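Just below is one structure, and these are the notes that go with it.
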Amino acid sequence: MIYAWVDGVKRQPKAKGETSVCTGCGGKLFAVISPTRIAHWRHRGGDCDSWSEAEGPWHLQWKSIFPIEWCEVTLKNQAGETHRADVLVPSSCGASLVLELQHSFITIEEMFIREKFYKEDHRMFWLVHLYQDNKSNSSFNFEMSLNTPLATHEVKGKKFEVHEWIMRGNFLEKWKSSTAHVFLDVRGRIFYLATLAACKDLVSSLNPKEFAIARLTRQEFIKAAGAVINI
Ligand SMILES: [Zn+2]
């Protein structure tokens, strides 16, 4: 986790040797200060949230946009299960919104389990990071598939472009089945992916390799999340 409470202030660790206590499990946290990692807090015996992933600059950059009290909020469902939302955007009317920042691969089963948990009491956005490194070619494969749209459709005032995934490893098929709202962060550009839940008629009309996206700015994405902040 990136943030923990130290003397009444929620923050990243600043120095080796600092300690804190996890508000989720009550366990002790240790500062990790490393030249190769962002400064973060580590549980002694592994993170109490089995859904946590190793976090890097991409997570930090997004979390730092929001007020720190909205970040890394432990939520408990009716059955008493707890997980830490990456960002919880409060709402003055209706359910607050869980924004999950997803950098690492998850299976479709994991996707549905997390959606079931968070959607029990909240709205939910995924922000899926597409990137390129020695493990992933997702941003390259996505951008190679963005040619002239096969078609365009307007759904609820949004213009969607239909494209065909022409590369290997079409992981968007999984995200098309999401029951939440799915946004893609492709090297800083934001796309809203048409999903069965949010755009049923459009997605039902697509062939298996096709996907539909609407382009939006980062500010539009923040606004869609219900956050009244400027970036
Ligand atoms: Zn914990």
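At a glance:
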{"item": "Failed item, numbered, when Asn141 is tested on (1) buried (at least 16 other Cβ atoms within 10 Å of the Cβ); (2) free of Cβ contacts under 8 Å to residues at least 12 places away in the same chain; (3) part of a helix (DSSP H, G or I)", "result": "(2)"}
{"item": "Hits in segment 1-24 - residues which are surrounded by 15 or more Cβ atoms within 10 Å (Cβ to Cβ) and within 11 Å of the ligand (Cβ to nearest atom)", "result": "Met1, Ala4, Ser20, Cys22, Thr23, Gly24"}
{"item": "Counted residues, segment 137-177 - those being in contact with a helix residue (DSSP H, G or I) (Cβ under 9 Å, 6 or more places away or on another chain) and either β-branched (Val, Ile, Thr) or on the phi > 0 side of the Ramachandran plot (or both)", "result": "4"}
{"item": "Near pairs, Cβ below 9 angstrom, 6+ apart or cross-chain, from segment 37-49 (basic (Lys, Arg)) to any residue that is within 10 Å of the ligand (Cβ to nearest atom)", "result": "Arg42/Met1; Arg42/Leu29; Arg44/Gly27; Arg44/Lys28; Arg44/Leu29"}
{"item": "Test: residue in segment 121-128 that is among the charged types (D, E, K, R) and farther than 18 Å from Leu184 by Cα", "result": "yes"}
{"item": "Any hit, segment 29-39, residues being within 13 Å of the ligand (Cβ to nearest atom), out of contact with any helix residue (DSSP H, G or I) (no Cβ under 9 Å at 6 or more places or on another chain) and outside any loop (DSSP other than H, G, I, E, B)", "result": "yes"}
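Laboratory data are not the source of any read-out in this text; all were calculated from the coordinates shown. All values derive from a computational prediction rather than experimental measurement. A quick note on method: Cβ atoms are made from the backbone with ideal geometry, for glycine too, and the neighbour counts reach across all protein chains shown.
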